[in-house]
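A.B. asks: Shown below is the structure under consideration.
Please treat every number below as a calculation from the coordinates, not as lab data. Quantities reported herein were computed from a predicted structural model and do not represent experimental measurements. As a convention, Cβ positions derive from the backbone with ideal geometry for all residues, glycine included, and neighbour counts pool all protein chains shown.
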Amino acid sequence: MKRCLIRKFKSLFLAFSTALCLLTMAASRSDADPAMFTDGSDGSNWPSYGGTYREWQYSPLAQINRENVEHLGLAWFVDLPPGTAVGTPLAIDGTVFITSGLSVLRAIDAASGRVLWTYDPQVARVAGQKLRAGWGARGIAYWNGKVYVGTMDGRLVAVVAQSGALAWQAQTTKADDGLYITGAPCVFRGIVVIGNGGADFGAVRGYVTAYDAESGKQLWRFHTVPGNPADGFESDAMKNAAKTWRGEWWKLGGGGTPWNAITYDPDTDLVYIGTGNGVPWNPMLRSPGGGDNLFIDSIVALRAGTGEYVWHYQTTPGDEWDFDATESITTADLQFDGRKRHVVLQAPKNGFFYVIDAASGKLISAEPFTKVTWASKIDLKTGRPVVMPDAHADNRIVTIWPGALGGHTWEPMSFSPKSGLVYIPTTEMPGIYDSRGVTKDTWHLKPRTVVFDNGYRESDFSVPEPTPDAQFGSILAWNPVTQKKAWSVPLRASENGGILSTGGDLVFEGQFDGNFVARDANSGTQLWSFDAQNGILGQPISYSVDGKQYVTLLVGVSGNVTILGPLSAQFGWAYREQHRRVLTFRLDGQAKLPELPRPRRETPLAMSEFKVNPKLAAAGAPKFANYCSTCHGWGVVAAGAGPDLRSSTSVADMTVFNQIVRQGALLDDGMPKFDDLDSQDLLEIQHYVRQEAVKPAAAH
């Protein structure tokens, strides 16, 4: 009898403890999951990358509106060290959180601009070859008093929001796997999900991983492409995906890296993952014999709690043009033929705008939002593109629209529930794909070396010389229901910043020409602009403090726009002269930026004593393209993300050049070490740089 009572008491105590634990967790989740994440109705905070779970990049605030935006002024600014400055800020209860450089976090008082704390994860000291990708973090996440950021060396770092102290960190990749993190984490219900990149550089296999937001404990992982069949498959999804590949793809990694878009949908309790290109781009090498190559270039829906596969939609089966589907994934409730439908919206690189049923993954509509020549249409019955016969680079050279930069790339689009329009920063440039003479026997990917290599010849980029009236991008207002353009404004730069729309009938965008602009959301008419003194690729946000509406963004040049050399260099941004900054605006703001040297085209350094050897320079050209152009520009024409080497004295001094490039003398400044280059490689690159330095400007 006594033992029975003891057992009953233990059972009741266990049940009580379990219930108390569940109640405590529920209370904690309630505190950590307020309405600001789900609907953002009061607009006082900007708690996630897209503002809310829906990824609208929209603020309901209307204190700043089209009637008074002309009175918008600079409230404060913060200068940042050299490095990437494109990340989307967050704003929580009067504090702005940003990341810049190599995932360095800062907390700033939103009203005054006073820096409260700085946390540096010391990426340069541990990233090794992964530093070569030339990126920092594009965004951060917040949950229950912690700020989360990914790093180039593959860590997910959680920092206490109040103090800047490290809470925990998890190593999501391996030291030599070629995977790194540049995208923003996605946090929901106490779970933080992070992806990775690297499919342009080496033999990598992409995946997303979920962690407990409080402890950093790994909860689940979903690979986006299948591995070696001999090792078995992690799931039925991977087993089925393997049927769409040919050859020995696993030796090349497969790719499919989910480096940017991750969206949680509370309506379906699904996580939508946008995946990238295959490794390499050239499908004749990646998957000889064809195949769709799932799940590259796809939106993949997973159960939020377990990571279990639910559905997928592949935008570009068997992709051979670098048409990632990693661009903004937005959810919305829209009316189609008098029926409200919960949908997923995406404008990926391939130039088509997609509307997809959020629960089932069924395609509703797809139409081109920019010039498209690789496919004539998307077949609504099959969901597949109708590819043009002359779009395939099958042992030949082809030119198609859009090119590898895409019709829209990572800079976020915005959806306004007030206007019903989506605002897209578009790129309008073709791409050249040259596979002549490239075979499995002539091409060898370096599996453990982070070096740009897409499986095509070195002449993949043909950068046009800019002219004053040339258009290479635009801001486009698009109706997702009718799939038609509402308005567009042409822009001179090929890439421009992410877009913010607001309840004040405004659309804000930072442009690569250095202007931060506000437009009428319904017409596109420019109503206000501010000279930011540097190119802008980042995403503005809006929030309120003590009843005042603020707009904040990061200013600085970085990223793949530098690959375009003279096209991006036309604006005169110089790495050592223009500042990276946080800018914050409010009505009647009175702050002023200090004067800086005017933008100018770089003047190459004259060195009559240096005699260029044409044979060495010719050998150095492809090596510079693969190793150096990401930061220093195509054709050695930099655009502000890194120094222009044509005017560098260090290049001509082989001792100094060797110390910087092969020995890592500037590692702490973010300059990677290329110790896999030998002395001959360095000599050839040196002669190529000096050859380009003495070319007439028109030749670039």
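A.B. asks: Put a dot 7 Å past each Cα toward the Cβ at THR655 and ARG576; how far apart are the dots in nm?
C.D. replies: So the label points at ARG576 and THR655 sit 2.0 nm apart.
A.B. asks: Report the extension gain between LEU666 and LEU380 in nm, rounded to one decimal, defined as 0.36 nm multiplied by the number of residues separating them, less their alpha carbon distance.
C.D. replies: 97.7 nm
A.B. asks: Hey, got the dipole for the chain? About the Cα centre, +1 on K and R Cβ, -1 on D and E Cβ, debye to the nearest 20?
C.D. replies: Dipole about the Cα centre, nearest 20: 1480 debye.
A.B. asks: Aspartates and glutamates within cross-link reach of LYS174: Cα-Cα under 18 Å, excluding same-chain residues under 8 positions apart?
C.D. replies: Within the straight-line cut-off, LYS174 pairs with ASP153, ASP200.
A.B. asks: Now, a different point. Find out how many positive minus negative residues lie around TRP249, taking Lys and Arg as positive, Asp and Glu as negative, among other residues whose Cβ is under 13 Å from that of TRP249.
C.D. replies: Net charge around TRP249: +4.
A.B. asks: Measuring from a point 7 Å past the Cα of ARG303 along Cα-to-C-beta, which residues in segment 226-241 have an amide N at less than 16 Å?
C.D. replies: Answer for segment 226-241: 235-238.
A.B. asks: Also, quick follow-up: Please compute the length gained on full extension between ALA35 and SER523, using 0.36 nm multiplied by the number of residues separating them and subtracting their Cα-Cα distance.
C.D. replies: Extending this stretch completely gives an extra 172.6 nm.
A.B. asks: Right, here's the next one. Under the rule of -39500 (n - 2.57) per DSSP H run of 4 or more residues, summed and divided by the residues of the chain, what mean residue ellipticity at 222 nm is obtained, to the nearest 500 deg cm²/dmol?
C.D. replies: Value at 222 nm, helices only, nearest 500: -4000 deg cm²/dmol.
A.B. asks: Ok, one more. So which of LYS146/LYS484; LYS340/LYS371; LYS243/LYS349; LYS251/LYS485; LYS251/LYS484 end up more than 32 Å apart, counting from Cα to Cα?
C.D. replies: LYS146/LYS484; LYS251/LYS485; LYS251/LYS484
A.B. asks: Same structure again: Across every pair of different alpha-carbon atoms, what Kirkwood hydrodynamic radius in Å does segment 459-608 reach?
C.D. replies: Hydrodynamic radius (Kirkwood, Cα pairs) of segment 459-608 is 17.0 Å.
A.B. asks: Using the basic label-point model (7 angstrom from Cα toward the beta carbon), what is the ASN395 to ASP588 distance in nanometres?
C.D. replies: For ASN395 paired with ASP588, the spin-label model returns 7.4 nm.
A.B. asks: Before anything else, pin down the relative contact order of segment 172-224: Cα pairs under 8 Å, at least 6 apart, normalised by residue count, whole percent.
C.D. replies: 28 percent
A.B. asks: State, in angstrom, two size descriptors of the chain derived from its alpha carbons: Rg to one decimal place and Dmax to the nearest whole number.
C.D. replies: 25.0, 103
A.B. asks: Moving on. Can you give me the Kirkwood hydrodynamic radius for segment 614-699, using every pair of distinct Cα atoms, in Å to one decimal?
C.D. replies: 12.8 Å
A.B. asks: May I ask you to derive the FRET efficiency for ASP42 and LYS484 from their Cβ-Cβ distance with R0 = 41 Å, giving the value to the nearest 0.05? Provide the component values of the computation, followed by the final result.
C.D. replies: Working: r = 33 Å, r/R0 = 0.80.
After rounding to 0.05, the efficiency reads 0.80.
A.B. asks: Put +1 on the Cβ of each Lys and Arg and -1 on the Cβ of each Asp and Glu in the chain; which of ILE536, ALA301, VAL651 then has its Cα farthest toward the positive end of the dipole?
C.D. replies: Value: ALA301.
A.B. asks: Right, next: Could you give each residue of segment 212-222 its phi-based ³J(HN,Hα) in whole Hz, using Karplus coefficients 6.51, -1.76, 1.60 with θ = phi - 60°, and x for Gly or Pro?
C.D. replies: So the J values, rounded to whole Hz, are 5, 5, 8, 10, x, 6, 5, 9, 7, 9, 10.
A.B. asks: Using the Cβ atoms and a cut-off under 13 Å, what net charge is assigned to the surroundings of PRO604, where Lys and Arg are +1 and Asp and Glu are -1?
C.D. replies: Values: positive: ARG600, ARG601, ARG646, ARG690, LYS695; negative: GLU602, ASP644, GLU692.
My count for the surroundings of PRO604 gives +2.
A.B. asks: For a quick check of your reading of the filter: which GluC sites (Glu not before Pro) in segment 588-657 sit in a DSSP loop and have no more than 10 other Cβ atoms within 10 Å?
C.D. replies: GLU595, GLU609
A.B. asks: Related question: Between LEU166 and ALA470, what length in nm is gained on full extension when 0.36 nm per residue of separation is reduced by their alpha carbon distance?
C.D. replies: Once the chain is fully extended between LEU166 and ALA470, it gains 104.7 nm.
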